[in-house]
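See structure below.
The values are calculated or read from the model by the stated rules, or taken from the named source; none is laboratory data. Since this is a predicted model, take the numbers as computed values, not measurements. Positions of Cβ are generated from backbone atoms using ideal geometry, with glycine treated the same way; all protein chains shown enter the neighbour counts.
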Amino acid sequence: MSDNIPFFPDQASAAASKVDALYAFLVAVTIVFSVLIFALIFYFAVRYRRSRMGERAKTVKSSLKLEIAWSVVPLVLSLTMFAWGADLYFEMRKLPREALDISVIGKQWMWNLTHIEEGNKELNALHVPLGRKVRLTMISEDVIHSFYIPAFRVKADVLPGRYTQLWFEPSKAGEYHLFCAEYCGTKHSEMIGKVVVMTPVDYERWLSGGGTNEPLDVAGERLFEQLGCASCHGAEGNQRGPRLAGLFEKKVQLADGRVVVADENYLRQSILQPKAAVVAGFEPLMPTYEGQVSEEQIVQLISYLKSLGEKEAN
Amino acid sequence: MSEHGSLAHHFEDLEQQRQSADLGMWLFLITEIMFFGGVFAAYAVCRWMNPAGFSAGTQHLDVTLGTINTAVLIGSSLTMVWAVQAGHEGDAKGISRNLMLTILLGGVFLVIKGFEYRHKFHDGLVPGPLFHFEGEHVAGIELFMCFYFIMTGLHAFHMIIGIGLLMWLIVLARRGRFTKEYSNPVEGVGLYWHFVDIVWIFLFPMLYLLEH
Amino acid sequence: MGATTVPLIERTREHYLNVRYGIKSWLLTVDHKRIAILYLISITFFFFIGGAAAVVIRLDLATPQGDLVESETYNKLFTIHGIIMIFFFLVPSIPAVLGNFLVPIMIGAKDLAFPKLNLLSWYLYVIGGSFTLWAMIAGGVDTGWTFYAPYSTTYANSHVILTALGIFVTGFSSILTGLNFMVTVHKMRAPGMTWFKLPLFVWSQYATSIIMVLGTPVLAITILLIGIERLLGVGIFDPALGGDPVLFQHLFWFYSHPAVYIMILPAMGVISELISAFARRAVFGYRFIAFSSLAIAILGFLVWGHHMFVSSQSPYAGMVFSLLSFLIAVPSAIKVFNWTATLYKASISYQTPILYAFGFIGLFTIGGLTGLFLATLAVDVHVHDTYFVVAHFHYIMVGGAIMGFLGGLHYWWPKMFGKLYPELWARISAAIIFIGFNLTFFPQFLLGYMGMPRRYHIYDPEFQVLHVLSSAGASILGIGYLIPMVYFIWSLRYGKDAGPNPWQAKGLEWTIPSPPTTFNFEEPVVVVEDPYAYPTDDEPTWPQPEEAHV
Amino acid sequence: MHDHQAARTISIRVFLALMVLTAVTVGVSFVNLGAFNLPVALLIACTKASLVLVYFMHLKGNFKLLWVAAASGFLFLLVLISLTLSDYFTRDW
Ligand code: HEA
Ligand code: HEA
Ligand code: CUA
Ligand SMILES: [Cu+2]
């Protein structure tokens, strides 16, 4: 797939070239030190061979200066690597505010992806527009998987029971590998797919080509009614349960004194294990929905809860 | 001194042998610290992740029995100290008498523990398919009970081994194997027994007392 | 300590190999040297099993569709390959064979502090190994050597518990060996054998033992927790109960990262001995090398999180682990540079052992430096769980540790058996191993950066060229490993008598006959000389003669 | 060596101290100290453990190396726990 350098991966995201620059630095350091050590050994081995030196070596006093020198130089170099790597890593981990949201559910051995806003579903493939930031919220239904797109230089494990997130900004149109990088059983090597980066126009066309899809928050709203959530979390607010509009990403004061941020994982836990974190000022009345909702439905509910906040803001 | 029957051929003298045995035993105890340490670390993490469940779980344990057991175990450490002391004095009778007391107290501990376990079974507090107890269910209680059984189970297992070792020592003492100069095995097992005591000293507040 | 004071051996001299005969005299021996031989035989056995698995893996990977075996079999192959190579070959290799044989002799002792415990260690190893082999024959395990939950606890349907039991038992073998070495080094040194007179090999064994004692118990409990969870169906790694599978990774790597230093430190100790013996001079910067072993052992416990950069571990914890990982580069660098400096103005002869030492330094440098790529957060995100990692650790473990082991085995073989191996064949096979090794594993760096994930049975055809190169290399490497096997066995019968000190090397082990007698030393040892007291030309020639602080 | 009687007195005193501390830790557990519940319980447990280590296990009066050994065990336990927790504590930052 690489079109210019042989044996080198495509650079198809904004981060890729930055990672590659750091990689180049590391390669350079490695070459310098390997060559230095190889050359010294080779030179010494030839120069000081026994047939030339006789049976005895020459006396050589130890040298503190030398020891310090060859400790400090590697130290400085490695701290440079650390700082550069950590800086870039934080840049790559910091989630963008505005992004195209995708939900990823991994299970043995396939990837289910959903475009949250439009509701388009995909299996083992992901279509994204060029130049737009994409944010994935991922969870597994069974074991640990790992979502890996080499051309974007991104990877994150996908865990059971907890959401993890990942983002990238595609910078080159084309088709790229999607791999599962965490060993997950027999067909781990077949848990693969493709990521298709399209121009925004093509992307729009692709979206509408997928037939009519129900956006996730709409599906979530219906579930919210069906499961009876509304009976306690009605829009009026003077209900048994707390008002949920605008909750997402707000701080929540809990009954046991902790303050937590209502992120996706918190919402998920609130639905599945409501008693693990009880909101201050409320009785722990809410029943658990463990076993009654699938991971997919939880994602729908969460999308709905998030959308409540946005509607509020508008 | 080297004609002494208890000196192995590869040691120079009894003092070297004693120090080696001591150091060896302590190193072994370090491995035990790390062995239990793995569960302690796991406990810390899981408690951090499930504060509500863990404090609810603590309430299902019996503080009175736990306290009694703590006292019993510390008592057994005291008699163990006396046995070691008797060893230094070359008093074989004293060794076996105190070791028997230690075994007795250790036995009491295990019996009480057994009763506690039976209660938990009875109340449906054993993790797994049988887990169903009356009362309010908070997520994390089952996890807490996992820790309860793993930690106390490992501890009890160590006590059982300890009791076996104590019996072996009694046999040796009866055979007159210990002298004023040589009672390394008593000392070694003593260290082990005290270590098991220390583990309990931490388990007790972690399982029975915190936020109950 | 002069080598010439030792009388020439007669044919019928009594030594540890011929004092007693019969299988019982071996299986019930408490002689550290005989136990070392028992280990040598057992680990060689396991190496060839692990190697056979590698051969099938490489054959299978020659084509992208994986035509040779089923996916399920493939997964079992790399699992058993990893488990056997790590727990049953490399961890015990140098400590249990060379360490067992040499540590008491090098410090002037008659045996290890606890000889019976030493035998028990071997039995535990054999029992653990049998469980694992049994699991393998009964159908295998497919969790990868890392046993990640919840796959290993809930989803795998292979012999996880049996294998885990094998590793659990073998762990205790390792613990007891470490404990024995530590007590021995502390309490059994001959009069005059101060800490700074200890050969660096002993220092490295000591540092290794620290890790074995402090780290292995955590592996034991982790494996036990996995076993319990799998057996009973409930446990603390289950997210449904509020547990956390990532917690397993923390506990696992708390041992398994330090364990990589269990595998490399002894090899580093061997290299110090080899370099000084064949360069005929004291190791440059003795104290720095000695202390860097301790530094590596201790720092090694602080970096385990670098295996978890993409596991959902907090980025802040990742940052700390990354920083600490980089600090380990410094003591490693100190060793590499001091070895190189030892060659300066030395008198070097190119016998097989030092060829392996050169190989070690070169390949360890590459393996270690690529470890830094992995410790670099942003780069690891890309190369984690790709062939880049596979190449990194094979460079260190196969290119480093095994080279060290083979170098040491060649160096001390005459001591262990009193026979010389054929030098020409030994050099040829060293060259074959070096070439085959690089051809096998260098392409994997490229594969990894291209994005080829590890533990993949089926892969995209774009990766095939490099995989074929790698497979070709592996067959050369395999041949390279078979040759020493043949000539070592050959030498037992046909090899020339070695005499007490074939290399004219320094060190207590070379002052006694080969093979040594059961209690190693005829007379009590009193040490006065510094280690590596090779006579040198007396003029100080280093550019700036510092005051002696070493 | 120690006088027989003195050793016995010491052991009994240590035993009594351990019992008192047990009583204290149980008593305190019935008082809600908020954020101090954990530190207090741990402090008492550590004190008890130290008493056992120093007196019952004869660290006192034994060769120095044993102190180092015992200390290193607890130190590495601390490393294990604290570095593991460093992940969990900072996950929500
Ligand atoms: C003997 C075995 C061994 C050794 C010694 C090492 C040594 C090191 N390892 Fe390696 N490693 C493994 C065996 C080993 N490793 C294995 C088996 C795995 C994979 C496990 C699995 O997932 O299955 C692994 C994986 C692994 C990872 C995780 C990768 C991933 O899964 O994403 C990381 C990340 O940081 C890492 C880093 C390091 C570092 C920094 C060192 C350092 O100690 C290296 C230090 C050495 C040097 C740096 C070279 C010498 C120095 C110089 C020549 C001077 C010049 C230096 C500078 C300029 C700084 N290793
Ligand atoms: C000490 C450790 C050690 C050693 C020595 C080796 C040695 C080798 N390893 Fe191994 N390897 C690991 C430790 C080690 N490995 C680990 C820990 C993993 C990770 C496992 C996991 O992911 O869980 C791994 C994974 C691993 C993989 C990746 C599998 C995957 O991710 O899909 C590969 C692929 O090439 C590989 C290849 C090799 C080869 C070619 C050798 C060669 O050096 C072997 C050479 C030896 C021989 C060839 C034996 C000689 C004998 C004969 C020739 C006899 C003839 C045999 C027959 C009867 C067929 N190894
Ligand atoms: Cu999913 Cu690997
Ligand atoms: Cu590591």
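Criterion first (buried (at least 22 other Cβ atoms within 10 Å of the Cβ) and within 30 Å of C:Val234 (Cβ to Cβ)) does B:Phe149 satisfy it? Judged against the criteria, B:Phe149 is not a match.
Among the candidates C:Thr342, C:Thr376, C:Thr386, which residue alone is at the interface with chain A (Cβ under 9 Å from one of its Cβ atoms) and in contact with a strand residue (DSSP E or B) (Cβ under 7 Å, 6 or more places away or on another chain)? First the steps, then the outcome.
On the way: C:Thr342 fails: in contact with a strand residue (DSSP E or B) (Cβ under 7 Å, 6 or more places away or on another chain); C:Thr376 fails: in contact with a strand residue (DSSP E or B) (Cβ under 7 Å, 6 or more places away or on another chain).
Just one listed residue meets the conditions, C:Thr386.
All of C:Phe78, C:Phe87 fail the test of being at pLDDT 95 or above, more than 16 Å from ligand 3 (Cβ to nearest atom) and under 29 Å from the mean Cα position of the chain (by Cα), apart from C:Phe87.
Condition check ((1) basic (Lys, Arg); (2) at the interface with chain A (Cβ under 9 Å from one of its Cβ atoms); (3) away from ligand 4 (no atom under 14 Å from the Cβ)) across all residues:
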site	(1), (2), (3)
C:Val283	no, no, yes
C:Ile296	no, no, no
C:Ser325	no, yes, no
C:Ala329	no, yes, no
C:Ala333	no, yes, yes
C:Thr352	no, no, yes
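Only one entry in A:Phe224, A:Phe179 is over 28 Å from the mean Cα position of the chain (by Cα) and crowded, with 19+ Cβ neighbours inside 10 Å, namely A:Phe224.
Of the residues that make up the range C:457-467, is at least one more than 16 Å from ligand 4 (Cβ to nearest atom), within 26 Å of C:Leu61 (Cβ to Cβ), among the β-branched types (Val, Ile, Thr) and part of a loop (DSSP other than H, G, I, E, B)?
Yes, the range C:457-467 contains a residue that is more than 16 Å from ligand 4 (Cβ to nearest atom), within 26 Å of C:Leu61 (Cβ to Cβ), among the β-branched types (Val, Ile, Thr) and part of a loop (DSSP other than H, G, I, E, B).
Is the range C:231-244 home to any residue that is within 16 Å of ligand 4 (Cβ to nearest atom), among the aliphatic types (A, V, I, L, M), closer than 26 Å to D:Tyr88 by Cα and surrounded by 23 or more Cβ atoms within 10 Å (Cβ to Cβ)?
No, every residue in the range C:231-244 fails to be within 16 Å of ligand 4 (Cβ to nearest atom), among the aliphatic types (A, V, I, L, M), closer than 26 Å to D:Tyr88 by Cα and surrounded by 23 or more Cβ atoms within 10 Å (Cβ to Cβ).
Can you tell me how many residues in the range C:56-92 are assigned to a loop (DSSP other than H, G, I, E, B) and either near ligand 2 (Cβ under 9 Å from one of its atoms) or crowded, with 24+ Cβ neighbours inside 10 Å (or both)? Before you say what the answer is, go through the steps one by one.
Narrowing the range C:56-92 to residues assigned to a loop (DSSP other than H, G, I, E, B): C:61-70.
Going one step further and asking which of them are either near ligand 2 (Cβ under 9 Å from one of its atoms) or crowded, with 24+ Cβ neighbours inside 10 Å (or both), we end up with C:61.
Residues in the range C:56-92 being assigned to a loop (DSSP other than H, G, I, E, B) and either near ligand 2 (Cβ under 9 Å from one of its atoms) or crowded, with 24+ Cβ neighbours inside 10 Å (or both): 1 in total.
How many of the residues in the range C:252-276 are away from chain D (no Cβ under 14 Å), within 16 Å of ligand 4 (Cβ to nearest atom) and touching a Leu at 6+ places or on another chain (Cβ under 7 Å)? Summing the residues that are away from chain D (no Cβ under 14 Å), within 16 Å of ligand 4 (Cβ to nearest atom) and touching a Leu at 6+ places or on another chain (Cβ under 7 Å) in the range C:252-276 gives 1.
Quick check, is C:Phe393 at the interface with chain A (Cβ under 8 Å from one of its Cβ atoms), away from ligand 3 (no atom under 16 Å from the Cβ) and assigned to a helix (DSSP H, G or I)?
For C:Phe393, the condition - at the interface with chain A (Cβ under 8 Å from one of its Cβ atoms), away from ligand 3 (no atom under 16 Å from the Cβ) and assigned to a helix (DSSP H, G or I) - is not met.
Evaluating C:Tyr387 against the criteria (1) hydroxyl-bearing (Ser, Thr, Tyr); (2) out of contact with any Lys or Arg (no Cβ under 8 Å at 6 or more places or on another chain); (3) touching a residue at least 12 places away in the same chain (Cβ under 8 Å) leaves one unmet condition, (2).
For the residues A:Leu26, A:Leu40, the requirement of being in contact with a Phe, Trp or Tyr (Cβ under 6 Å, 6 or more places away or on another chain), assigned to a helix (DSSP H, G or I) and surrounded by 14 or more Cβ atoms within 10 Å (Cβ to Cβ) singles out A:Leu26.
Residues that are among the polar types (S, T, N, Q) and touching a strand residue (DSSP E or B) at 6+ places or on another chain (Cβ under 8 Å) within the range A:3-58 comprise just one, A:Ser13.
Return yes when B:Gly57 is of a type in the set (Gly, Ala, Ser), surrounded by fewer than 17 Cβ atoms within 10 Å (Cβ to Cβ) and more than 10 Å from every other protein chain (Cβ to nearest Cβ) and no when it is not.
no
Out of the range C:15-39, which residues are touching a residue at least 60 places away in the same chain (Cβ under 8 Å) and either assigned to a helix (DSSP H, G or I) or within 18 Å of the chain's Cα centre (by Cα) (or both)?
Filtering the range C:15-39 down to residues touching a residue at least 60 places away in the same chain (Cβ under 8 Å) leaves C:15-17, C:19, C:28-33, C:35-39.
Of everything in the range C:15-39, those that are touching a residue at least 60 places away in the same chain (Cβ under 8 Å) and either assigned to a helix (DSSP H, G or I) or within 18 Å of the chain's Cα centre (by Cα) (or both) turn out to be C:His32, C:Lys33, C:Ile35, C:Ala36, C:Ile37, C:Leu38, C:Tyr39.
Per-residue answers, yes or no, for (1) farther than 30 Å from A:Met53 by Cα; (2) facing chain A (nearest Cβ under 8 Å); (3) within 14 Å of ligand 1 (Cβ to nearest atom):
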residue: C:Ala279; (1), (2), (3): no, yes, no
residue: C:Arg287; (1), (2), (3): no, no, no
residue: C:Val303; (1), (2), (3): yes, no, yes
residue: C:Val320; (1), (2), (3): yes, no, yes
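In the condition set (1) basic (Lys, Arg); (2) surrounded by fewer than 19 Cβ atoms within 10 Å (Cβ to Cβ); (3) touching a His at 6+ places or on another chain (Cβ under 6 Å), C:Lys116 is compliant with all but (3).
Can you go through C:Ala357, C:Ala341 and tell me which one is surrounded by 24 or more Cβ atoms within 10 Å (Cβ to Cβ), more than 9 Å from ligand 1 (Cβ to nearest atom) and assigned to a helix (DSSP H, G or I)?
On the way: C:Ala341 fails: surrounded by 24 or more Cβ atoms within 10 Å (Cβ to Cβ).
C:Ala357 is the lone residue from the list that is surrounded by 24 or more Cβ atoms within 10 Å (Cβ to Cβ), more than 9 Å from ligand 1 (Cβ to nearest atom) and assigned to a helix (DSSP H, G or I).
I'd like the residue in the range C:148-173 that is more than 16 Å from ligand 4 (Cβ to nearest atom), assigned to a loop (DSSP other than H, G, I, E, B) and within 14 Å of another protein chain (Cβ to nearest Cβ) and, out of all such residues, is farthest from the chain's Cα centre (by Cα). It comes out as C:Asn157.
Quick one: is B:Leu169 of a type in the set (A, V, I, L, M, F, W, C), farther than 30 Å from C:Pro245 by Cβ and surrounded by 16 or more Cβ atoms within 10 Å (Cβ to Cβ)?
Details: of a type in the set (A, V, I, L, M, F, W, C): yes; farther than 30 Å from C:Pro245 by Cβ: yes; surrounded by 16 or more Cβ atoms within 10 Å (Cβ to Cβ): yes.
So B:Leu169 passes the test.
Among the listed residues B:Phe131, B:Phe109, identify the single one that is part of a helix (DSSP H, G or I) and without any contact (Cβ under 8 Å) to a residue 60 or more places away in the chain.
Values: B:Phe131 fails: part of a helix (DSSP H, G or I).
Every option except B:Phe109 fails the conditions.
On inspection, B:Ala86 does not qualify as surrounded by 15 or more Cβ atoms within 10 Å (Cβ to Cβ) and either within 20 Å of D:Leu16 (Cα to Cα) or away from every other protein chain (no Cβ under 12 Å) (or both). Scanning the range C:201-221 for residues that are touching a residue at least 60 places away in the same chain (Cβ under 8 Å) and within 7 Å of chain B (Cβ to nearest Cβ) gives a single hit, C:Leu214.
Is the range C:410-418 home to any residue that is within 14 Å of chain A (Cβ to nearest Cβ), surrounded by fewer than 24 Cβ atoms within 10 Å (Cβ to Cβ) and not acidic (Asp, Glu)?
Among the residues of the range C:410-418, not one is within 14 Å of chain A (Cβ to nearest Cβ), surrounded by fewer than 24 Cβ atoms within 10 Å (Cβ to Cβ) and not acidic (Asp, Glu), which makes the answer no.
If the condition is being surrounded by fewer than 18 Cβ atoms within 10 Å (Cβ to Cβ) and within 30 Å of D:His58 (Cα to Cα), then the range B:102-144 contributes B:Leu104, B:Gly107, B:Val108, B:Leu110, B:Val111, B:Ile112.
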